[in-house]
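See structure below.
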Amino acid sequence: MEHNPELEQNNLDHYDESDIQVLEGLEAVRKRPGMYIGSTGPRGLHHLVYEIVDNAIDEALAGYCDKIEAKICPGDIVVVSDNGRGIPVGIQQQTGLPAVTVVFTVLHAGGKFGGGGYNYSGGLHGVGASVVNALSEWLEVEVCDGKHRYYQRFERGTQVDDLAITGETTDVGTKIAFKPDPEIFEETVFDYQILLNRLREQAFLNAGINIIISDERESGDPIVTQLKYDGGIVSFVDHLHKKSQKTVLHEDIIHFSSKTDKGDAEVALQYNDSYNSVMLSFANNIHTADGGTHETGFKAAMTRVLNDYARKNNLLKEKDDNFKGEDVQEGLTAIISVKLQNAQFEGQTKGKLGNTEIRTLVESMTYDKMSTYFEENPATAKIIIEKALSASRAREAAKKARDMTRRKSALESSSLPGKLADCINKDNVTTEIYIVEGDSAGGSAKGGRDRTFQAILPLWGKMLNVEKSRLDRVYGNDKLMPVITALGCGMGDDFDLTKLRYGKVIIMADADVDGSHIRTLLLTFFFRFMKPLVEAGHIYIAQPPLYRLIKGKQIRYAYTDRERDRYMAELNPDGNSKLEIQRYKGLGEMDSEQLWDTTMNPENRIILQVTLSDAAAADEIFTILMGDKVQPRREFIEQNADKVRNLDV
Ligand code: TSJ
């Protein structure tokens, strides 16, 4: 089709208008926004942009557009445009309104019309542009159909005027500008990085699409990123490995795909020398964070391919056990993308693909294509099998080490570590354990604590960098073992959150480089071997003060340089008084009472909760921080103050 029907005509015969169903008014969306976009926090806010962009991506997938631009403008107004056919403007019989008006004012209208391209519509699982409109203070749409320019404005979901022709044009495309409603969203400031990551993911998943994202909020040159990946998910794997600086084990990124009547499937994978696996799966371009049938099928096939190939080529001997899933996944980075009609998203966050036919589809494709790849590339096959062999040996060693530890602790009278100063309470709600580096700080902490609910575990010996070691080495480590036994919940496959002995696990280390190192090592350990503990929000970081300011009998503790400056001005406004400022270099400089007052007393302290919002991002960060290529060290912990501190100690 060459151009769109005009406003005054009514020739929308190419799609069925009865598809547009009037389900509910937009007031329902404004009343209960969470029902439609998940939350009114940052996630929900950013979802608005995804929804709009996804509509343009659908137009590109339908083959009518090759360029999409997304701009964040001053005032956090978002403008998204494409060079597609333009949302149809013809009058709809059913409503007597232009189709574009219906798209923005009738719930569930979006994505219902148009054929082919819309089957794979993603977004907020396709909630539609009307939801974005309902949750915007205002939204403006401009459609160009090669003849006319059309314009309409809405405020909080209601049209301000009818759709109008504003001029003639030879352009084609759709442009949307909107301002999220501050009455709805807790915060209306966009995070460029979040939008960039999501749009980049979409650019990888839709090879060849050209997405340009820019941030024009600051005066001066805007930040602009062009996202166009002709390699698709192969480029995605390459990007993940380059970004995390992992060392790959083979040059080729293995890639295969299959189109069937049940749906389409595509996989790209490559092994690296780390001990972790990064597997990202998608269904209809929606990230399935909790996996599902496509992931299950992929894993099952990979295990079978490696076992069959290794047996056939005598790389696994008769006496050897088969590889387990975890063996063949060690060091694997894989993207699995499937497209299907009627995708079923399951689970609490709808992050899991449920369609059973997809498991078989991905499994047989992966088995066939990987078997062929191995036959044709024996050198790479050998490298991958060696990796799985080394993983399986480490798994066996870890099992032996674990059994040894169990036997040992069964013989000992008390299986708790000798250095642990336990608390009196035995529940795992009110209790806390402070993990403290060094003996002197451990001593102060023991002296200062409230023993009813606070336990202290001083750390000793040489720390293991778990990023460069597997489970078997952890079992032998004299520094980590007391942590594991004190927490009581095991690790790795044996991890059991219900056995956790303390509600809060607080890492307390100095504010200097060494302290930062021990903190990072412990966090890496918890992330790699006790991930559910991190996910459930049990890990905290203590914040000791940096300065003590004394004027006569008045004492202030400052936790930042800014706070110090403020107290200096407060305590010494005329600049004449005698003011003593002590800089704490380490926890060891504080006596028991000071440590309690500043860092351990729940009434006064600040502790930072460590949370995990994005496992893939966290994996990358830990790989960068603790891998052997130690270069960039960025802030990596998402922190929330547990308690706003009472500043007058
Ligand atoms: F989300 C949205 F609706 F606001 C939106 C839609 C936002 C953006 C940036 C672009 C779009 C959009 C929609 N771009 N292109 C289209 N295409 C159609 O809506 C369209 C055009 C023609 C036909 C047809 O069958 O002739 C069908 C459709 C669905």
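The values are calculated or read from the model by the stated rules, or taken from the named source; none is laboratory data. Quick caveat: nothing in here was measured; it's all calculated off a predicted structure. With ideal geometry, Cβ positions are generated from the backbone for all residues, glycine too; neighbour counts draw on all protein chains shown.
When the residues of region 429-487 are filtered to those that are within 25 Å of Glu396 (Cα to Cα) and β-branched (Val, Ile, Thr), the one that is modelled with the lowest pLDDT is Val466. Starting from residues that are β-branched (Val, Ile, Thr) and within 14 Å of Leu107 (Cα to Cα), keep the ones in region 27-49 and report whichever is modelled with the lowest pLDDT. Among those that are β-branched (Val, Ile, Thr) and within 14 Å of Leu107 (Cα to Cα), it is Ile37.
Here Thr372 clears all of (1) closer than 20 Å to His255 by Cβ; (2) in contact (Cβ under 8 Å) with a residue 24 or more places away in the chain except the condition numbered (2). Of Tyr557, Tyr502, Tyr540, Tyr567, all but one fail to be part of a loop (DSSP other than H, G, I, E, B) and either of a type in the set (Gly, Ala, Ser) or crowded, with 16+ Cβ neighbours inside 10 Å (or both); the exception is Tyr502. The set of residues in region 225-257 being surrounded by fewer than 16 Cβ atoms within 10 Å (Cβ to Cβ), of a type in the set (D, E, K, R) and farther than 20 Å from Ser371 by Cα consists of Lys228, Asp230, Lys242, Lys243.
For every residue, the table says whether it meets (1) of a type in the set (S, T, N, Q); (2) within 25 Å of Arg473 (Cα to Cα); (3) at pLDDT 95 or above; (4) surrounded by fewer than 19 Cβ atoms within 10 Å (Cβ to Cβ).
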| position | (1), (2), (3), (4) |
| --- | --- |
| Ser281 | yes, no, yes, no |
| Gly297 | no, no, yes, no |
| Asp320 | no, yes, no, yes |
| Ala334 | no, no, yes, no |
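Pairs are defined by a Cβ separation below 7 Å, a sequence spacing of at least 6 or placement on different chains, a first member in region 164-181 that is part of a loop (DSSP other than H, G, I, E, B), and a second member that is among the aliphatic types (A, V, I, L, M) and buried (at least 16 other Cβ atoms within 10 Å of the Cβ); the pairs so defined are Asp181/Leu135.
Name the single residue, out of those in region 570-593 being free of Cβ contacts under 8 Å to residues at least 24 places away in the same chain and in a helix (DSSP H, G or I), that is nearest to Gln454 (Cα to Cα). Within region 570-593, the match that is nearest to Gln454 (Cα to Cα) is Glu589. One residue stands out in region 42-98 among those that are of a type in the set (Ser, Thr, Tyr) and not in a loop (DSSP other than H, G, I, E, B): the one that is nearest to the ligand (Cβ to nearest atom), namely Ser81. Here Lys387, Lys382, Lys408 are screened, and the one residue that is surrounded by 13 or more Cβ atoms within 10 Å (Cβ to Cβ), among the charged types (D, E, K, R), more than 31 Å from the chain's Cα centre (by Cα) and in a helix (DSSP H, G or I) is Lys382. When each of Phe113, Phe178, Phe154 is tested for being within 13 Å of the ligand (Cβ to nearest atom), surrounded by 17 or more Cβ atoms within 10 Å (Cβ to Cβ) and at pLDDT below 95, the lone residue that passes is Phe113. Pairs linking a residue in region 33-55 that is within 19 Å of Gln202 (Cα to Cα) and among the basic types (Lys, Arg) to a residue that is part of a helix (DSSP H, G or I) and within 15 Å of the ligand (Cβ to nearest atom), with Cβ atoms under 9 Å and 6 or more positions apart or on different chains, are Arg43/Ile37.
Based on what the data block shows, is Gly208 of a type outside the set (D, E, K, R) and assigned to a loop (DSSP other than H, G, I, E, B)? Spelling it out, Gly208 is indeed of a type outside the set (D, E, K, R) and assigned to a loop (DSSP other than H, G, I, E, B).
Can you confirm whether region 26-41 contains a residue that is within 15 Å of Asn133 (Cβ to Cβ) and near the ligand (Cβ under 8 Å from one of its atoms)? No, region 26-41 contains no residue that is within 15 Å of Asn133 (Cβ to Cβ) and near the ligand (Cβ under 8 Å from one of its atoms). Of the numbered criteria (1) modelled with pLDDT of 90 or more; (2) more than 30 Å from Tyr275 (Cα to Cα), the one Leu587 fails is (1).
Condition check for Leu549 on (1) closer than 28 Å to Ala401 by Cβ; (2) of a type in the set (A, V, I, L, M, F, W, C); (3) buried (at least 21 other Cβ atoms within 10 Å of the Cβ): one failure, at (1). Taking Arg304, is it among the basic types (Lys, Arg), out of contact with any strand residue (DSSP E or B) (no Cβ under 8 Å at 6 or more places or on another chain) and within 30 Å of Glu467 (Cα to Cα)? Judged against the criteria, Arg304 is a match. For the condition within 24 Å of Ala301 (Cβ to Cβ) and in contact (Cβ under 8 Å) with a residue 24 or more places away in the chain, His250 qualifies. With respect to the conditions (1) of a type in the set (Gly, Ala, Ser); (2) closer than 20 Å to Ala203 by Cβ; (3) modelled with pLDDT under 95, Gly231 lacks only one, and its number is (3). Give me the pairs: first residue in region 83-108 and on the phi > 0 side of the Ramachandran plot, second residue outside any loop (DSSP other than H, G, I, E, B) and within 13 Å of the ligand (Cβ to nearest atom), beta-carbon distance under 7 Å, and six or more apart or on different chains, which are they? Listed by first residue and then by second, the contacts come to Gly86/Val143; Gly86/Cys144; Gly86/Asp145; Gly86/Val172; Gly86/Gly173; Gly86/Thr174. Is one or more of the residues making up region 597-613 more than 25 Å from Ser516 (Cβ to Cβ), under 35 Å from the mean Cα position of the chain (by Cα), at pLDDT 90 or above and not in a strand (DSSP E or B)? Within region 597-613, one or more residues are more than 25 Å from Ser516 (Cβ to Cβ), under 35 Å from the mean Cα position of the chain (by Cα), at pLDDT 90 or above and not in a strand (DSSP E or B).
Name the strands (runs of 3 or more DSSP E) wholly inside region 251-311 in which the number of residues that are farther than 28 Å from Ser392 by Cβ is 3 or more. Once the strands (runs of 3 or more DSSP E) in region 251-311 are filtered for at least 3 residues that are farther than 28 Å from Ser392 by Cβ, what remains is 254-260, 263-271. Across region 140-151, the qualifying residues are those that are in contact (Cβ under 8 Å) with a residue 24 or more places away in the chain and surrounded by 17 or more Cβ atoms within 10 Å (Cβ to Cβ), and the one among them that is nearest to the ligand (Cβ to nearest atom) is Val141.
Taking (1) modelled with pLDDT of 95 or more; (2) of a type in the set (Gly, Ala, Ser); (3) on the phi < 0 side of the Ramachandran plot in turn, Gly351 satisfies each apart from (1).
Among the residues of region 363-379, are any assigned to a loop (DSSP other than H, G, I, E, B) and farther than 30 Å from Val466 by Cα? Yes, region 363-379 contains a residue that is assigned to a loop (DSSP other than H, G, I, E, B) and farther than 30 Å from Val466 by Cα. The residue that is surrounded by the fewest Cβ atoms within 10 Å (Cβ to Cβ), among those in region 457-492 that are acidic (Asp, Glu) and in contact (Cβ under 8 Å) with a residue 40 or more places away in the chain, is Asp472.
Among the residues of region 468-485, those that are of a type in the set (A, V, I, L, M) and either more than 18 Å from Gly537 (Cα to Cα) or in a loop (DSSP other than H, G, I, E, B) (or both) comprise Leu471, Val474, Leu480, Met481.
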